[in-house]
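Here is the structure we will look at, set down as structure tokens.
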Amino acid sequence: MAPKAKEFFLGGNVPSRLMVHDVDKVGTGGYNYYGYLEENGMWMIQREKTDGTEYRYRSGITTPYSTAWTNRTASGISYYYINAVVMEE
């Protein structure tokens, strides 16, 4: 079965279609993680508190998605509200 598209609104009201790429529902550190990737290399990682009460995001395009996904739980990695996501370099 093909992954379902998720639509996020980045940079104001500009829609960007991202495809589900990876899912980590192990509950690492009290969070589940979902990785989304666009054909142009833009990516977003969603962090969900395991009790479903909090969602935060990070995104980028110049850092490879594979690196960002591997480091998703590393200390010092910041996640933001969807309306405050900063494109990482």
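Scan segment 38-62 for residues that are assigned to a loop (DSSP other than H, G, I, E, B) and of a type in the set (A, V, I, L, M) and the total you get is 2. For segment 25-48, the set of residues classified as over 12 Å from the mean Cα position of the chain (by Cα) and at pLDDT 90 or above consists of Gly30, Tyr31, listed by residue number.
For segment 63-82, a residue qualifies if it is of a type in the set (Val, Ile, Thr), over 17 Å from Asn32 (Cα atoms) and part of a loop (DSSP other than H, G, I, E, B), and exactly one does: Thr63. Among the residues of segment 60-89, just one is of a type in the set (Gly, Ala, Ser), closer than 17 Å to Val20 by Cα and modelled with pLDDT under 90, namely Gly60.
Once segment 58-89 is narrowed to residues that are free of Cβ contacts under 8 Å to residues at least 40 places away in the same chain and among the aromatic types (Phe, Trp, Tyr), the residue that is surrounded by the most Cβ atoms within 10 Å (Cβ to Cβ) is Tyr79. Which condition number in (1) free of Cβ contacts under 8 Å to residues at least 40 places away in the same chain; (2) crowded, with 17+ Cβ neighbours inside 10 Å is the one that Glu39 fails? It is condition (2) that Glu39 fails. Within the option set Asp22, Asp51, being charged (D, E, K, R), in contact with a helix residue (DSSP H, G or I) (Cβ under 6 Å, 6 or more places away or on another chain) and modelled with pLDDT of 85 or more holds for one residue only, Asp22.
The values are calculated or read from the model by the stated rules, or taken from the named source; none is laboratory data. Because the structure is a prediction, the values reported are computed rather than measured. Cβ coordinates were reconstructed from backbone atoms using ideal geometry, including for glycine residues, and neighbour counts include every protein chain displayed.
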